[in-house]
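Q: Once you've had a glance at the structure underneath, I'll fire off some questions.
The values are calculated or read from the model by the stated rules, or taken from the named source; none is laboratory data. Given the structure is predicted, the values throughout are model-derived calculations rather than measurements. Heads up, the Cβs are rebuilt from the backbone with ideal geometry, glycines too, and the neighbour counts pull from every protein chain shown.
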Amino acid sequence: MEEINRGAEAILYKDKETVVKARPAKDYRIAEIDSKLRLFRTRKEANVMRTLIESGVHVPNILSVDDKKSTIIMDFVSGPKLRDVFDSNPDVLATKFGEIVGKLHSLDIVHGDLTTSNMIVSNNELVLIDFGLSAVSKRIEDKAVDLRVLERSLESRHHEHFDAFSKVLKGYKKTNSNADKVLKQFEKVQLRGRNKKPSPKNNS
């Protein structure tokens, strides 16, 4: 197996046409707590992905889940990450991204890390990946924060496409019947971020 990505909680390996997502044990945690935490996070991620698959959202197909090893084996999705091809058609791609996020939120699922790095373009479809921070939530606030994460990601990574997020919202409204409520809360989340005062500098 070839390691293809390493995060704080999990490691991704490519094994032929499959990807293995493994959550290794953490020595700094009590063994029993660590085992339960890794199992909980693995099952939660797998359950979110299965819900999305059943609802027609393009995510990697799950082949198996190993509770003892805290691993998920899924199909390898070939294609470039959206971040690397976003410039080719930003308006259309941003709108499609928004449609996917709207669908997630309509299912009461928040992703937690919405960026163009977590979307793969495969066979002319956008495939959403990495559900390690995902959760099931009915809270409007959580969905608004999810959108704020995406907005900040676009501002940082694709700042030259200043209209991209408005296209995201255009797509979002198509697939989420509660979009108006979420966007009203999103404006409050935006305002909180702008009004947050920087920490005072220590001049001593």
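Q: Would you mention how many residues in region 124-144 are part of a helix (DSSP H, G or I) and surrounded by 16 or more Cβ atoms within 10 Å (Cβ to Cβ)?
A: Step one: of region 124-144, the residues part of a helix (DSSP H, G or I) are 140-144.
If we keep only those that are surrounded by 16 or more Cβ atoms within 10 Å (Cβ to Cβ) as well, we get 140, 142-144.
The number of residues fulfilling the criteria is 4.
Q: Also, I was wondering about something else. Would a scan of region 95-103 turn up a residue that is assigned by TED's automatic domain parsing to the domain that holds Leu150, surrounded by fewer than 16 Cβ atoms within 10 Å (Cβ to Cβ), more than 30 Å from Glu32 (Cα to Cα) and in contact (Cβ under 8 Å) with a residue 12 or more places away in the chain? I'd like the intermediate steps shown before the answer.
A: Initially, region 95-103 is screened for residues assigned by TED's automatic domain parsing to the domain that holds Leu150, giving 95-103.
If we keep only those that are surrounded by fewer than 16 Cβ atoms within 10 Å (Cβ to Cβ) too, we end up with none.
Within region 95-103, not a single residue is assigned by TED's automatic domain parsing to the domain that holds Leu150, surrounded by fewer than 16 Cβ atoms within 10 Å (Cβ to Cβ), more than 30 Å from Glu32 (Cα to Cα) and in contact (Cβ under 8 Å) with a residue 12 or more places away in the chain.
Q: Looking only at residues that are in contact with a Leu (Cβ under 9 Å, 6 or more places away or on another chain) and assigned to a loop (DSSP other than H, G, I, E, B) in region 61-87, which one is surrounded by the fewest Cβ atoms within 10 Å (Cβ to Cβ)?
A: This residue is Lys68.
Q: So which residues in region 2-29 are small (Gly, Ala, Ser) and farther than 14 Å from Phe131 by Cα?
A: Result: Ala25, single match.
Per-residue answers, yes or no, for (1) among the small types (Gly, Ala, Ser); (2) closer than 19 Å to Asn118 by Cβ; (3) surrounded by 14 or more Cβ atoms within 10 Å (Cβ to Cβ); (4) in the same structural domain as Asp67 (by TED's automatic domain parsing):
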residue	(1), (2), (3), (4)
Ala10	yes, yes, yes, yes
Lys14	no, yes, yes, yes
Val19	no, yes, yes, yes
Ala22	yes, yes, yes, yes
Lys26	no, no, yes, yes
Ala31	yes, no, no, yes
Ser35	yes, no, yes, yes
Leu39	no, no, yes, yes
Arg43	no, no, yes, yes
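Q: Identify all residues within region 118-167 that are within 9 Å of the chain's Cα centre (by Cα) and either in the same structural domain as Thr51 (by TED's automatic domain parsing) or not aliphatic (A, V, I, L, M) (or both); write none if there are none.
A: Matches in region 118-167: Asn118, Asp130, Phe131, Gly132, Ser134, Asp146.
Q: Follow-up. Checking Ser117 against (1) surrounded by fewer than 17 Cβ atoms within 10 Å (Cβ to Cβ); (2) within 30 Å of Met74 (Cα to Cα); (3) at pLDDT below 95, which single condition isn't satisfied?
A: The one condition Ser117 does not meet is (3).
Q: Does region 1-48 hold any residues that are in contact with a strand residue (DSSP E or B) (Cβ under 9 Å, 6 or more places away or on another chain) and part of a loop (DSSP other than H, G, I, E, B), and which are they?
A: Just the residues of region 1-48 that are in contact with a strand residue (DSSP E or B) (Cβ under 9 Å, 6 or more places away or on another chain), to begin with: 1-6, 10-15, 17-24, 42-48.
If the condition is that a residue be in contact with a strand residue (DSSP E or B) (Cβ under 9 Å, 6 or more places away or on another chain) and part of a loop (DSSP other than H, G, I, E, B), then Met1, Ala10, Glu17, Arg23, Pro24 are the ones that fit.
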